[in-house]
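Asks: First, the structure itself, so that you have it in front of you.
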Amino acid sequence: MKLNTAKQLMLQGQPAFGYGLSLGSPLAAEALSKTGIDFLLVDTQHGSNTPESTTLAFLAISAGSAIPMARVAFNNYTLTGRLLDEGALGIVVPLVNSVEDARAVVAACHFPPRGQRSWGWGRAAAYGPDYPDWIDEQLFVAVQIESKQAADNAEAILAVDGIDGCWIGPADLALSMGIRPTNAAYRDEHARAIERVLEACRDTGKVPGIATGSPEEARRRAEQGFRFLTAGGDLGFMLGGALTGLRTLGRA
């Protein structure tokens, strides 16, 4: 059995921190997996990942200790199943706005009787012949709460059996509220919407998560009560390091 150590941290009430992978680089995936970060999130909604680079990213992640997770492009049975077949131990599904959307996520992620996942897999066979015996328990399933509608429906969405938690998308949440994302931090109504989702997680016993852009912001959100947190990603780290170098060289 492959123990999902990131999920276990969250179930114990501790934060699990992750980095996003958007460059489509297995070398970046391997390097970040060896840093000791709890999980890596392969982004197939945004960024440059292809089906081939996603498979290579999962292979590369296995060289380190990070748990392989992925964000599916959209709430789709086949696309979700493909990521699971390739070895994802965590799935994040964007734009889940209703109970019906959440039930579709569960159907795609779990084998019967809980869901409708089809029997069969590809690279996930590397986990061993007992893979189907433990995957439903070890898989972490998160829905993205990233619209006003979703925030308003958060408690009903999170109450769906088979959903483990959520991952708030603050920028898209702001856009749905008529707020420019760069101004969201200064708008009380945006903060209240995030707090409502956090409260919905407490009420349903589910894991609250949020996307952040840096380790510093992730720490602040963890102190607020969030437990599933991305703390930056491969592209941002590369650009951040490059810009710091330019400033040191007097070129920026």
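The values are calculated or read from the model by the stated rules, or taken from the named source; none is laboratory data. In this text, all values refer to a predicted model and were calculated from it rather than measured experimentally. Note that each Cβ is placed from the backbone with ideal geometry, even for glycine, and that neighbours are counted across all protein chains shown.
Asks: Please count how many residues of the range 65-86 are under 13 Å from F39 (Cα atoms) and not hydrophobic (A, V, I, L, M, F, W, C).
Replies: Here is the first cut: in the range 65-86, the ones under 13 Å from F39 (Cα atoms) are 65-71.
Filter once more, so that each one left must be not hydrophobic (A, V, I, L, M, F, W, C): 65, 68, 71.
Of the residues in the range 65-86, 3 are under 13 Å from F39 (Cα atoms) and not hydrophobic (A, V, I, L, M, F, W, C).
Asks: Could you check the range 137-148 and list, in sequence order, the residues that are crowded, with 16+ Cβ neighbours inside 10 Å and either polar (S, T, N, Q) or part of a helix (DSSP H, G or I) (or both)? Full working, then the answer.
Replies: Residues of the range 137-148 crowded, with 16+ Cβ neighbours inside 10 Å: 138-148.
Correct list: Q138, Q144, S147, K148.
Asks: Tell me, which residue of the range 37-66 that is among the charged types (D, E, K, R) and not in a loop (DSSP other than H, G, I, E, B) is surrounded by the most Cβ atoms within 10 Å (Cβ to Cβ)?
Replies: Our first condition is that a residue be among the charged types (D, E, K, R); within the range 37-66, this holds for 38, 43, 52.
Okay, now just the ones that are also not in a loop (DSSP other than H, G, I, E, B), so 43, 52.
Numbers: D43: 25, E52: 10.
Ranking the qualifying residues of the range 37-66, first place goes to D43.
Asks: On to the next question. If you check A211, A185, A200, which single one turns out to be modelled with pLDDT under 95 and farther than 18 Å from A107 by Cβ? Explain how you work it out, then say what you get.
Replies: Values: A211 fails: modelled with pLDDT under 95; A200 fails: modelled with pLDDT under 95.
Result of the check over A211, A185, A200: A185.
Asks: Still on this structure: Checking the conditions here, which among A184, A222 is buried (at least 16 other Cβ atoms within 10 Å of the Cβ), part of a helix (DSSP H, G or I), among the aliphatic types (A, V, I, L, M) and in contact with a strand residue (DSSP E or B) (Cβ under 9 Å, 6 or more places away or on another chain)?
Replies: Values: A184 fails: in contact with a strand residue (DSSP E or B) (Cβ under 9 Å, 6 or more places away or on another chain).
Criteria check complete, one pass: A222.
Asks: So which residues in the range 125-136 are crowded, with 16+ Cβ neighbours inside 10 Å and either assigned to a loop (DSSP other than H, G, I, E, B) or aliphatic (A, V, I, L, M) (or both), if there are any at all?
Replies: I135
Asks: Let me ask something additional. Are any residues in the range 15-30 among the hydrophobic types (A, V, I, L, M, F, W, C) and either buried (at least 21 other Cβ atoms within 10 Å of the Cβ) or under 16 Å from P215 (Cβ atoms) (or both), and if so, which ones? Break it down into steps so the answer makes sense when it comes.
Replies: Step one: filter the range 15-30 for residues among the hydrophobic types (A, V, I, L, M, F, W, C), giving 16-17, 21, 23, 27-29.
If the condition is that a residue be among the hydrophobic types (A, V, I, L, M, F, W, C) and either buried (at least 21 other Cβ atoms within 10 Å of the Cβ) or under 16 Å from P215 (Cβ atoms) (or both), then A16, F17, L21, A28, A29 are the ones that fit.
Each row is one residue, and each column tells you yes or no for (1) out of contact with any helix residue (DSSP H, G or I) (no Cβ under 9 Å at 6 or more places or on another chain); (2) of a type outside the set (V, I, T).
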{"residue": "N183", "(1), (2)": "no, yes"}
{"residue": "E189", "(1), (2)": "yes, yes"}
{"residue": "A200", "(1), (2)": "no, yes"}
{"residue": "V207", "(1), (2)": "no, no"}
{"residue": "A222", "(1), (2)": "yes, yes"}
{"residue": "F226", "(1), (2)": "no, yes"}
{"residue": "M238", "(1), (2)": "no, yes"}
{"residue": "T248", "(1), (2)": "yes, no"}
{"residue": "R251", "(1), (2)": "no, yes"}
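Asks: Quick one: count up the residues across the range 5-36 that are farther than 23 Å from D136 by Cβ, outside any helix (DSSP H, G or I) and hydrophobic (A, V, I, L, M, F, W, C). Give the steps one after another, and end with the answer.
Replies: The first filter runs over the range 5-36 and keeps only residues farther than 23 Å from D136 by Cβ, leaving 15, 17, 19-36.
Right, trim to outside any helix (DSSP H, G or I) and you get 15, 17, 19-25, 34-36.
Then drop every residue that is not hydrophobic (A, V, I, L, M, F, W, C), which leaves 17, 21, 23.
The number of residues fulfilling the criteria is 3.
Asks: Another question, if that's okay. Tally the residues that are crowded, with 16+ Cβ neighbours inside 10 Å, in a loop (DSSP other than H, G, I, E, B) and in contact (Cβ under 8 Å) with a residue 40 or more places away in the chain, restricting the search to the range 97-124.
Replies: Number of matching residues: 3.
Asks: Let me ask another. Only one of I210, I179, I163 is without any contact (Cβ under 8 Å) to a residue 12 or more places away in the chain, outside any helix (DSSP H, G or I), surrounded by 15 or more Cβ atoms within 10 Å (Cβ to Cβ) and among the hydrophobic types (A, V, I, L, M, F, W, C). Can you tell me which? Spell out how you get there, then give the answer.
Replies: Details: I210 fails: without any contact (Cβ under 8 Å) to a residue 12 or more places away in the chain; I163 fails: without any contact (Cβ under 8 Å) to a residue 12 or more places away in the chain.
Only one candidate passes the filter, namely I179.
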